[in-house]
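Participant: Take this structure first; my questions come after.
The values are calculated or read from the model by the stated rules, or taken from the named source; none is laboratory data. Remember, predicted model here, so these are calculated numbers, not experimental data. Using ideal geometry, Cβ is built from the backbone for each residue, glycine included, and neighbour counts are taken over all protein chains shown. The protein model used for the area step is the full one, side chains on, heavy atoms only, and it has no ligands, DNA or RNA in it. Shrake-Rupley method; radii C 1.70, N 1.55, O 1.52, S 1.80 Å.
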Amino acid sequence: IGGVLLNYHDISLRKHADDLLQQTRQNYETFFNTIDEFLFVLDEQGNIIHTNTTVIDRLSYTREELAGLSVLMVHPPERRDEAARIVGEMLNGVSEFCPVPIITKSGVQIPVETRVSHGFWDGKPAIFGVTKDISKVRLSEEKFSKLFHLNPSPCGLSDLDTHKYIEVNEAFYALLGFDKNEVIGKTATDLAILTPEKITAIMLKADSNGNVTNAEADLIAKNGDIKQVLMSAENIHVQDKKYRFTVVNDVTLLRQAEDLLKQTNARLTLASHAGGVGVWDYNLVNNILVWDDQMFNLYGVDKKNFGGAYEAWLAGVHPDDVSRGDAEIQMAISGEKEFDTEFRVMWPNGTVRNIRALAVVLRDSSGKPLQMIGTNWDITSQKNIEQLLRTSEKNLQNINAEKDKFFSIIAHDMRSPFNAFVGLTRMMVEDLDTMTLEEIRKIVVSMRKSATNLYSLLENLLEWSMMQRGVITYTPVSIPLALKIKESIALIIGSVQKKEIEISCDIPNGLSVFADLHMVESLIRNLISNAVKFTPKGGRITVSANKIEGNFIEIAVRDTGIGMKKELMSKLFKLDEHTGRKGTEGEPSTGLGLIICK
């Protein structure tokens with residue numbers, strides 16, 4: 001009788017292993033396809049074996065189209081040879097990453113950084129490529145670069161480890177006289193801008209983070225000139241690199257002016273031996289003439305009756321000497337000769353006195369005359385000079401006070417938006433992989449706000465600096481007033497709409513004014529911006545213009561804002577008084593706008 005032999009094998013373990021392998025592969029695929037970077041698996045010839053979903057979604061190819069395709073085909077045609085070379089260098093340990101962009105099926109280029117490594121796929125040797133989209137990082141770097149190069153102060157960016165310059169702006173070249181090929185890749189000591197000893201002395205003033213604020217230093221230009229500066233520096237991080245950002249403010253002319261003022265004081269001290277010397281200070285830009293008490297004594301004039309302008313001096317000169325005295329002043333201003341002369345003055349009571357006069361003309365770096373400082377004394381008698389010295393000292397204190405306040409504004413108001421900007425870029429670099437699109441959007445909005453605030457500050461500081469140096473020119477042209485004001489309103493319409501402010505322009509279309517275009521734009525921009533800043537939501541602003549006596553136009557900017565107290569009003573137009581305050585929605589303010597308007 002035949003039979004059947006049955007053999008049973010327990011395959012539970014193998015079945016469990018197969019299930020575990022299947023689950024592992026499924027977990028891997030899920031993880032592989034949730035990564036935002038472009039992931040490529042290549043064979044040893046560089047052909048695509050597998051990609052993640054990001055590649056398919058972002059580049060708009062199908063898996064079938066990419067399968068077996070050379071990975072070089074996802075790079076721009078004109079840069080494929082470059083990509084192939086760099087990939088080879090990475091596989092040999094020569095290069096860290098490939099910066100060649102990748103391209104979508106429709107031809108759109110995406111800036112990336114690609115890294116590759118050897119591995120195994122399905123038991124065979126393979127190449128793994130990880131490509132990171134750096135579009136947002138590139139945008140942030142471009143914004144920083146624009147601010148860096150537009151900065152009117154000399155700026156430098158150096159490697160924190162090697163101290164070599166990797167970038168400097170045009171103001172740096174202009175101040176120190178170097179060419180670009182002489183600076184990049186060199187250190188400050190290589191260029192002999194600073195000695196190691198001076199660098200050590202500056203770093204002794206740094207805080208615990210290595211930051212330096214307004215440290216006084218002498219820089220040596222290429223031609224050997226000494227540039228006296230206030231230097232600020234701090235460490236910043238861009239991706240995985242560490243840099244040192246340095247900005248300097250040239251105070252050479254200010255220091256020279258202080259030295260000249262000291263020399264003037266020394267001369268006044270010598271003049272005190274003769275006695276009876278009067279001092280005058282003539283602001284050539286604004287036609288403001290300031291006399292000390294002795295000058296009033298010399299001219300027999302009451303302070304209350306003094307006009308405080310050049311014409312007020314001419315009114316006291318003897319009629320027969322007016323033409324010659326005026327001619328000598330004009331020759332001194334033009335640089336034809338020094339002001340060293342004698343003339344007669346006639347007091348209101350008819351008394352005639354002989355006056356000896358000396359003066360120096362102060363000029364800016366371009367040679368434009370800004371100010372005359374001079375002395376008068378009665379050549380027939382000696383006068384007391386103590387009041388003269390007190391007045392001179394007061395003038396020096398005022399100059400120093402304005403200088404300190406101006407640098408305080410630069411140090412405080414520029415640092416805040418820069419810190420915010422750097423902090424936001426650092427946050428994006430360090431946390432970009434974990435951020436949601438909404439979080440990135442909020443950071444970009446904040447970066448735009450910081451950049452806008454910084455640009456507004458730089459614009460006001462530059463205009464203030466130009467006024468102080470007397471380089472603003474007056475070129476009047478015919479300006480259609482309504483059009484110009486509407487253009488100014490259009491520039492800030494975003495802020496107007498955000499605060500739901502009703503703004504109207506009540507100006508006839510045919511009304512024109514004859515004035516300097518830049519000055520008019522600056523005035524209108526500052527006044528309307530102030531109105532928006534200090535008007536609460538739902539408020540109203542009206543800009544109007546009316547003809548007044550003497551063929552003039554009066555422009556009015558009215559708002560329903562918060563106004564100001566008398567105490568604040570008394571401080572307006574003074575640089576040494578703090579008047580800046582935040583707007584109704586926290587908008588920043590430097591307090592420079594109204595000073596520029598005035």
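Participant: Consider a paramagnetic label point 7 Å from the Cα of GLU64 along Cα→Cβ; state which residues of the stretch 80-112 have an amide N under 20 Å from it.
Facilitator: 105-106
Participant: As an exercise, identify the trypsin sites (Lys or Arg not before Pro) in the stretch 70-120 lying in DSSP coil whose Cβ has no more than 13 other Cβ atoms within 10 Å.
Facilitator: For trypsin sites (Lys or Arg not before Pro) across the stretch 70-120 that sit outside H, G, I, E and B with at most 13 neighbouring Cβ atoms in 10 Å, the list reads LYS105.
Participant: All other residues with a Cβ under 15 Å from the Cβ of LEU483 taken together, and with Lys, Arg as +1 and Asp, Glu as -1, what is their net charge?
Facilitator: Around LEU483, the surrounding residues sum to 0.
Participant: Over the stretch 548-593, with every protein chain in place, what whole percent of the accessible area is carbon and sulfur at 1.4 Å, could you tell me?
Facilitator: Answer for the stretch 548-593 is 50 percent, counting heavy atoms of protein chains only.
Participant: So how far apart, in nm, are the two label points at LEU358 and GLU487 if each is 7 Å from Cα heading toward Cβ?
Facilitator: Label-label distance for LEU358 and GLU487, simple model: 5.1 nm.
Participant: Also: Kindly state, to the nearest 0.05, the FRET efficiency for THR195 paired with ASN349, given R0 = 56 Å and r defined as their beta-carbon distance.
Facilitator: So, using R0 = 56 Å, E works out to roughly 0.30.
Participant: In whole percent, how big is the carbon plus sulfur part of the accessible area of the stretch 244-362, probe 1.4 Å, protein atoms only?
Facilitator: It is 53 percent, rounded to a whole number.
Participant: Which net charge results when you count Lys and Arg as +1 and Asp and Glu as -1 among the other residues whose beta-carbon is under 12 Å from that of SER95?
Facilitator: -2
Participant: Return the distance in nm (one decimal) between the two label points of a simple spin-label model at SER446 and GLN256, each offset 7 Å from Cα along Cα→Cβ.
Facilitator: Reported label-point gap for SER446 and GLN256 is 4.4 nm.
Participant: To make sure I understand the rule: partners must be lysines, Cα under 21 Å from the Cα of LYS449, and not fewer than 8 residues away in the same chain. Which ones qualify?
Facilitator: Cα-Cα hits under 21 Å: LYS136, LYS143, LYS146, LYS498, LYS499, LYS533, LYS537, LYS582.
Participant: Starting from the 7 Å offset along Cα-to-Cβ, what nm value, one decimal, do you get for the label separation of ILE333 and HIS518?
Facilitator: Reported label-point gap for ILE333 and HIS518 is 2.1 nm.
Participant: For ASP433 and ASP293, what is the calculated FRET efficiency with R₀ set at 56 Å and r taken between the beta-carbons, to the nearest 0.05?
Facilitator: 0.20
Participant: Another question about this same structure. Would you kindly state how much longer the chain becomes between ARG267 and ILE562 on full extension, computed as 0.36 nm times their sequence separation minus their alpha carbon distance, in nm to one decimal?
Facilitator: Numbers: separation 295, 0.36 × 295 = 106.20 nm, distance 5.16 nm.
Fully extending the segment from ARG267 to ILE562 adds 101.0 nm.
Participant: List every residue whose amide H lies under 5 Å from the amide H of LEU284, counting only residues 5 or more places away in sequence or on a different chain, with H placed 1.01 Å from N in the peptide plane.
Facilitator: Under 5 Å from the amide H of LEU284: GLN371, MET372.
Participant: Let me ask something additional. If we count every other residue with Cβ under 15 angstrom of ALA312's Cβ, Lys/Arg +1 and Asp/Glu -1, where does the sum land?
Facilitator: Net charge around ALA312: -3.
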